[in-house]
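What follows is one structure encoded as structure tokens, with my remarks underneath.
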Amino acid sequence: MAEGLTPRGQDFSRWYNEVVRKAQLADYAPVRGCMVIRPYGYALWENIREELDERFKETGHENAYFPLFIPISFLEKEAEHVEGFSPELAVVTHGGGKELEESLAVRPTSEAVIGPMYARWIQSYRDLPVLINQWANVVRWEMRPRLFLRTTEFLWQEGHTAHATRREAEAEIQRMLDVYADFAENMAAIPVFKGRKSKRETFPGAAATYSIEAMMGDGRALQAATSHDFGQDFARAFDITFQDADGELRHCWTTSWGLSTRFIGAIVMVHGDDRGLILPPRLAPIQVVIVPIWKDEEARSAVLEAVRKIEAELDGLSVKVDDRENFTPGYKFNEWELRGAPLRIEIGPRDVAARQAVLARRDVPGREGKEIVPLDNLSDEVRRTLDAIQQALYQRAQQFRDSRTAEPEDYAAFTDAVAEGFARAWWCGGAACEQKVKDETTATIRCIPFEQPAAGGKCIVCGKSAEQQVIFARAY
RNA sequence: CGGGGCGUAGCGCAGCCUGGCUUAGCGCGCGUGCUUUGGGAGCACGAGGUCCCGGGUUCGAAUCCCGGCGCCCCGACCA
């Protein structure tokens with residue numbers, strides 16, 4: 001157990017806060033709701049960004065950058081959009097020492113500034129599709145901020161695309177949702193449910209919102225990424241039209257999709273344990289930490305020489321040698337466990353003499369997670385172990401999620417289920433039933449999963465016939 | 001915006017109720033030196049403070065009173 005870390009089971013949200021800060025992912029900033037992402041946390045974000053960016057490029061997207069400030073009148077062009085976001089807008093009223101003629105919103109999202117540009121750039125079906133992504137910061141004035149999960153300013157990427165046909169736009173929405181799900185599962189080792197949002201949970205102004213939903217270590221749900229179908233609504237609001245091959249002037253079909261620094265919160269809450277953070281090897285800023293051990297000067301040079309060789313053999317991996325002289329090995333073990341480095345190599349005089357090293361897996365704490373490996377096949381063993389950790393984290397997360405996902409038969413079992421985790425239940429589609437659940441249990445519909453049983457059932461709330469099963473859970 | 005809690009050294013806190021016993025203290029961390037180093041090392045010396053801000057009461061305020069500001073936690077809103 002890490003010194004001074006609140007156990008996860010005792011107070012999960014306190015545990016989360018302590019891990020984020022003690023692992024040096026982030027810290028509070030002077031302005032309420034804002035945070036500083038520290039180098040270690042930012043390195044994690046950079047890894048997320050690189051991986052996603054590559055996938056966006058592979059699916060034909062280009063990066064661009066749109067401005068931070070949006071004239072208020074632009075936001076007002078789409079009624080539901082402005083209504084949804086106005087409570088959380090930061091607005092600039094002065095510039096250059098003078099009151100502005102028109103106030104500027106600090107973007108809460110960029111549809112309203114990108115739309116008018118697309119209107120200008122798109123004339124013909126030959127200009128379509130437009131497939132643009134931007135990496136940016138956005139600001140939403142939140143009532144209750146939490147590090148990474150809900151901060152006033154956060155970093156994200158937002159893809160914005162325009163298409164000639166509904167079918168093409170819908171394919172885009174699904175494609176990007178698949179990209180996110182693949183990324184979450186294969187890189188972050190986080191299993192997710194893919195599905196559509198209920199009307200109540202749909203992005204302001206969107207015709208439909210899709211998301212990937214993950215279960216955190218306390219059984220609550222977190223929306224890890226979203227993909228929105230705007231139909232032709234935003235195109236109408238911003239006058240994004242094109243002349244089709246048949247000569248007709250039509251409105252584009254537009255989409256947007258995003259993943260934010262909130263995802264880091266998901267990684268922390270899915271994999272962490274009472275010792276601290278556990279980072280999935282494929283995203284960890286430091287995949288392997290080497291802790292050299294020595295007693296005297298002679299041992300020190302022998303050990304360090306062996307360490308340099310190991311470091312060279314681990315080429316291609318992100319390796320950190322912790323050769324700080326003012327900390328004991330035991331201290332370093334604990335610190336790197338707190339900071340979530342997936343794999344640790346311990347090597348001292350005894351190991352050097354025996355031409356071996358000790359591998360310690362972060363996902364298996366204590367003695368069971370340690371393995372003595374001959375130096376000759378250390379490199380292979382390290383790579384193999386990192387893969388094994390990646391797989392083990394995914395499997396553990398999936399087993400946990402499955403064990404806390406119930407299919408309750410009646411309302412009493414349902415309320416028990418959402419107190420602990422996910423409840424997969426039939427829903428008639430009525431907003432009243434959705435609201436009742438929220439009022440009585442605080443759980444909401446996280447998504448309507450794509451995968452549905454063949455036959456229908458009865459609504460868990462009102463008992464009327466229902467065509468769809470949905471996932472209810474308390475959410476972040 | 002409601003309900004609760006807290007502002008004292010870099011961090012975590014004690015002192016406040018019952019004003020003076022403190023030159024404002026303790027633990028961790030930090031600096032220097034020596035001894036240490038296979039699961040959070042030991043000793044010695046040392047540096048570090050507008051006691052959140054402003055006013056008031058008093059011979060005297062970290063402590064009592066009034067006003068402000070800020071932060072955290074719990075609810076309503078949310079990626």
When every residue in segment A:6-34 that is part of a strand (DSSP E or B) and open to solvent by 30 Å² or more (accessible area, probe 1.4 Å) is compared, the one nearest to RNA strand B (Cβ to nearest atom) is A:28
By residue number, the members of segment A:248-270 that are open to solvent by 10 Å² or more (accessible area, probe 1.4 Å) and in a helix (DSSP H, G or I) are A:262, A:270
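When you scan segment A:352-371, how many residues do you find that are closer than 25 Å to residue A:278 by Cβ and either open to solvent by less than 60 Å² (accessible area, probe 1.4 Å) or more than 8 Å from RNA strand B (Cβ to nearest atom) (or both)?
Count: 13.
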The condition of being away from RNA strand B (no atom under 14 Å from the Cβ), more than 30 Å from residue A:401 (Cβ to Cβ) and assigned to a loop (DSSP other than H, G, I, E, B) holds, among A:235, A:245, only for A:245
Per the filter on segment A:450-476, residues farther than 24 Å from residue A:223 by Cβ, basic (Lys, Arg) and not in a strand (DSSP E or B) are A:464
For segment A:202-220, indicate whether the set of residues that are open to solvent by 20 Å² or more (accessible area, probe 1.4 Å), assigned to a loop (DSSP other than H, G, I, E, B) and among the acidic types (Asp, Glu) is non-empty.
yes
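Can you tell me which residue among A:325, A:305 is out of contact with any strand residue (DSSP E or B) (no Cβ under 7 Å at 6 or more places or on another chain) and near RNA strand B (Cβ under 8 Å from one of its atoms)? Show your work before the answer.
Working: A:305 fails: near RNA strand B (Cβ under 8 Å from one of its atoms).
Unique residue meeting the criteria: A:325.
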### Query
If you check residue A:205 against the conditions, is it among the small types (Gly, Ala, Ser), within 15 Å of RNA strand B (Cβ to nearest atom) and over 22 Å from the mean Cα position of the chain (by Cα)?
yes
Matching residues in segment A:319-334 (under 27 Å from residue A:42 (Cα atoms) and open to solvent by 40 Å² or more (accessible area, probe 1.4 Å)) number 9
Against the condition open to solvent by less than 10 Å² (accessible area, probe 1.4 Å) and touching a Cys at 6+ places or on another chain (Cβ under 7 Å), how does residue A:151 come out, does it pass? yes
Going through segment A:122-148 in order, the residues found to be open to solvent by 30 Å² or more (accessible area, probe 1.4 Å) and part of a loop (DSSP other than H, G, I, E, B) are A:123, A:129, A:140, A:141, A:142, A:143, A:144, A:145
Within segment A:101-110, residues in contact (Cβ under 8 Å) with a residue 12 or more places away in the chain and open to solvent by 10 Å² or more (accessible area, probe 1.4 Å) come out as A:102, A:103, A:104, A:106
Listed by range, helices (runs of 4 or more DSSP H) wholly within segment A:35-92 having at least 2 residues that are loosely packed, with under 15 Cβ neighbours inside 10 Å are A:39-58, A:79-85
When residue A:98 is run through (1) open to solvent by 20 Å² or more (accessible area, probe 1.4 Å); (2) within 27 Å of the chain's Cα centre (by Cα); (3) over 30 Å from residue A:244 (Cα atoms), the failure sits at (2)
Across segment A:328-351, the tally of residues that are within 6 Å of RNA strand B (Cβ to nearest atom), charged (D, E, K, R) and touching a strand residue (DSSP E or B) at 6+ places or on another chain (Cβ under 7 Å) stands at 3
Q | Flag if residue A:437 is within 27 Å of the chain's Cα centre (by Cα), outside any strand (DSSP E or B), at pLDDT below 95 and buried (at least 21 other Cβ atoms within 10 Å of the Cβ) | A | yes
Residue hits (segment A:224-241; in contact with a Phe, Trp or Tyr (Cβ under 8 Å, 6 or more places away or on another chain) and crowded, with 20+ Cβ neighbours inside 10 Å) are A:224, A:225, A:226, A:227, A:228, A:229, A:230, A:235, A:238, A:240
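The values are calculated or read from the model by the stated rules, or taken from the named source; none is laboratory data. The structure displayed is predicted, hence computed values, not measured ones. Neighbour counts are summed over all protein chains in view; Cβ atoms, including those assigned to glycine, are modelled from backbone coordinates with ideal geometry. Keep in mind that these areas ignore ligands, DNA and RNA; they rest on the heavy atoms of the full protein, side chains included. Shrake-Rupley method; radii C 1.70, N 1.55, O 1.52, S 1.80 Å.
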